[in-house]
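See below for the structure under consideration.
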Amino acid sequence: MRIAAAAGGGLFLGFNWSDSAAAPVVVDAKSIVAGSVKFNSYLSIGSDNSITIVSPNPEIGQGIKTAFPMIVAEELDADWKLVKTVQGNLDPSQFERQVTGGSGAVPHSWERLRKAGATARHLLIEAAAAKWGVPASEITTADSKLFHKAAGKSAAYGDFAEAAGKLSAPKDIKLKDEKTFKLIGQSVRNVDNKNIATGKPLFGLDFYREGMLFAIIQRPKAFGFKLKSVDSAAAKAMPGIVDVVTFENSVAVVGKSTWQCKKAREVLKIEYEKAADLESSEDHNRIFSNLMDNGEATVRRKNGDVEAAFKSAAKVIKAEYQCPFLPHSPLEPMNFFAHVREDGVELVGPTQTPDRARGEAAKITGLPPEKISVEITRQGGGFGRRLSADFAIEAVHVSKLVKAPVKVIWTREDDMTGGTYRPAVRYRFEAALDKNGEMIGYKLRGVGINSGNPTREDNFPSGSVDNLLIDSVEHKSAITTGPWRAPITNFLAYAEQSFIDEVAEAAGKDPVEFRLALLEKAKKSPAGEVKYDIDRMIAVIKLAAEKSNWGKKKGVFQGFSVYFSHRSYVAQVGEVVVEKGKPTLKNVIAAVDCGIVINKSGSLQQVRGGVVDGIGHAMFGNMTFKAGTPDQSNFNGFRLIRMNEIPEVDVHFVDNGISPTGLGEPALPPAGGAVANAFYKATKQRLRNQPFINEGAFKGIS
Amino acid sequence: MALFKLSINNRAYSAEVEGDTPLLWVLRDNLGLVGTKYGCGIAQCGACTVHLDGKAVRSCVLPVSAVGKAKVTTIEGLSEKGDHPVQKAWDEVDVSQCGYCQAGQIMTAAAFLKEKPKPTEEEIVGAMSGNLCRCGTYHRIREAVKVAATKTN
């Protein structure tokens, strides 16, 4: 554990991520350095006034390295300029939720971080009160300073850090009234800005070690292939190549530079044999159609009598929505460093799940987990891809085989064709309306590929429709799949919100009014359990409608969408304008309820970035397959959104004082629906498949 | 293998590599200048942007043998203290999310503003649309280029 202030003496507070009820405890600096205390995060205040906070969660661009210390500094009344954040490494048995995923870091840590800051402040006050001979209750704090106004005394935190370090922490600590927050809610710049703008080695790909070898790996070129034979003679003869090793279905070219390995890989002669069906995108379409009608479905939620409702319906609306596979495309491709020694393993790299990497390394090497260290680097995006440990597993295999420190590097082509995709999915929605245009029945069937459950059965509109059936059918594919930013809902939200728009239109109702009426119904007479907060959902809908001047703008085609995911609520209005006969997305207005906003600057960008990501992939993202091989392998074939294609994104946060919830994902799911519904208003053509660019409405428009 | 003598950030470097090695990998693997990033290897994303005699180029497709006597500037050498107007604007506007593409964005913007110190918004968008940002920080990149433009000259 790197504790910057440990050398100088001062207050060291250990606190626990694994037990939110446990109080922070004062610890001895020497034992921290020796690694002998069982705390998994630290707050230290040095005699030099420096404040160091160890942030244990991986930073992938979600801003945790800035937001976490802000929470501590708020309760501590610290001068933000004196606060330093250090990325914690994986501490065996200590960090509990050291995972970045599910937008869960802030909600998980909110209480603990506040308690740590408040406890440190309490101890500094106690220390000052004893020295000054005044009651602790009369001491105030601000900007890392202690004051006793009546006695005319003041001191810096550093002056009392050592004395505070000799006290014991209280079991209960009073937290601030949230209304008095000074730092939380402000715009604080990313703590790594300077390092990023000057090109400092921060990322996994930037990690180099003296004597380290490089490895570029040839994985099976099609999903469904397995390795049959390898002729590596020519590759081994290439300059700089140290060895070519084989493990599982992979062939690793190991050498002295990335470029040499990459070139040598091109002359490998490898034969594969078929181990599973080699699927093409046409196969997926056929499989979807077949399973949609004939598949054995697993019921996910059932309320009332849906068949009777559809029989008695005055009108039935039915539509199918489909999306393609997507690679994650973090701009830093997968890479990982491993040094397998006889007595232990050193792992360094960008991972969203350091614990998983360690567990896999233990399995491969047979070493106990405590002999395996994981250093987490900054990560050039994750989007879910770095939740997998495949790249770490590869590094361990290769290092073990060549008995040297090795860095495995994926080229962009490897990254894009290497799997763990967001899988394609098809949904069929059916709605039954009575003669008054009330939705009396709702059916959703999802056909997924390796999805488990491609529905979110308890999300809206569940709870607002008396007769409802949500089920799903699964197809198992050899194409590897995994979570992709806002798993399932990254497409389901669009499909559902687009379909709701279709139903509202069929009912002859305004899309916003229609949604609000459903929510009022869920509130008054819920159909089964309601697992989202109806009032919070209503509030974001109303805020988005108000801020977008819904339905009152001339020459602007507006589309509405709202979604609850990762404990946060986001409503969006897309605005399309027709310019020279061409419908163009101009604006997105987002209303966001993520509870208390910690860092305004980071949160604003998180929402804008989520909207841009959602729109970009809905418009352009398309990965297709031929006989198990992806057709796209780099950004020339797979299109990512660029600056000239973005709308303005106007963001409004709900101020309700509720404890903060996630923001890394929730802005993405509603984006596609807001955009598709706006394009519909402009063109009268529904966009039922992604990418939109391939839909009829966009043919000839580009 | 051949010995290449390079002038990078006003310093002399030499590297013994194959002539077809892209400048990007010479910078990263041989010279320890890792601020220049690998993103796609085919000049599609701009993460590897460096200056060659002041002009923005994609170092991932530039063989080291083609560099010759040209002066190379990387993000590490854009300014001595990290205070180039573009670098400062990037902090002021708080552009970065993950930050991986930003060195390339900054190098593209710096070369662009040298050519066009007072650009219109349309010109900024035109100049910056060759650089991908997977986090979607485009609004802030656009804003930061505007801020930098007011502070250049």
Shielding by partners, peptide A:645-651 (average Cβ within 10 angstrom, other chains): 2
Local electrostatic count, residue A:77, Cβ distance below 14 Å [Lys/Arg +1, Asp/Glu -1]: +2
Virtual spin-label span in nm between residue A:549 and residue A:520, 7 Å along Cα→Cβ: 2.6 nm
Positive-end residue of A:427, A:465, A:486, charge dipole of segment A:365-522 with Cβ unit charges: A:486
Highest average packing first - B:129-142, A:249-262, Cβ atoms within 10 Å: B:129-142, A:249-262
Proximal lysines to residue A:553, defined as alpha-carbon separation beneath 22 angstrom and excluding residues fewer than eight positions away on the same chain: A:509, A:542, A:580, A:582, A:586, A:681, A:684
Potential extension, residue A:434-residue A:530 segment - 0.36 nm per residue separation minus Cα distance: 32.3 nm
Other-chain or far-sequence residues with amide H under 5 Å of residue A:372's (modelled H): A:345
Shape call, segment A:431-546: gyration tensor on alpha carbons, a/c limit 1.5: prolate
Spin-label proximity, residue A:212 to segment A:372-386 - amide N less than 15 Å from point 7 Å beyond Cα toward beta carbon: A:374-380
Computed helical MRE - 222 nm, chain B, DSSP H runs ≥ 4 contributing -39500 (n - 2.57), nearest 500: -8500 deg cm²/dmol
Unsatisfied cross-links (Cα-Cα over 20 Å) in the set B:116/B:151; A:236/A:256; B:114/B:146; A:200/B:81; A:84/A:194; A:226/A:263: A:226/A:263
Global form of segment B:85-151, assessed from the alpha-carbon gyration tensor, a/c cut-off 1.5: prolate
Cα gyration tensor shape of chain A, rounded if a/c is under 1.5, else prolate or oblate by comparing a/b with b/c: oblate
Inter-chain Cβ neighbour average for residues B:87-93, partner chain, 10 Å: 4
Efficiency of FRET between residue B:146 and residue A:648 - r from beta-carbon atoms, R0 25 angstrom, step 0.05: 0.95
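Can you list the DSSP H helices in chain A whose Cα atoms extend at least 24 Å along the helix axis and whose mean Kyte-Doolittle hydropathy is 0.0 or higher?
A:489-506, A:600-620
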Helix-derived mean residue ellipticity, 222 nm - over chain A, DSSP H n ≥ 4, -39500 (n - 2.57), to 500: -9000 deg cm²/dmol
Residues residue B:92 and residue A:577, FRET efficiency given R0 of 35 Å [Cβ-Cβ distance, rounded to 0.05]: 0.65
Inter-probe distance in nm under a simple model that places probes 7 Å from Cα toward Cβ, at residue A:371 and residue B:61: 4.9 nm
Cα centroid separation, segment A:348-392 to segment B:8-77 (Å): 30 Å
For A:598-609, mean number of other protein chain Cβ atoms within 10 Å: 3
Cα→Cβ-extended label distance, 7 Å offset, between residue A:180 and residue A:168, nm: 2.7 nm
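Every number here is computed from the coordinates shown, using simple stated rules; none is lab data. As the structure is a prediction and not an experimental result, all values here were calculated from the model. Here the Cβ is made from the backbone with ideal geometry for all residues, glycine too, and neighbour counts use every protein chain on show.
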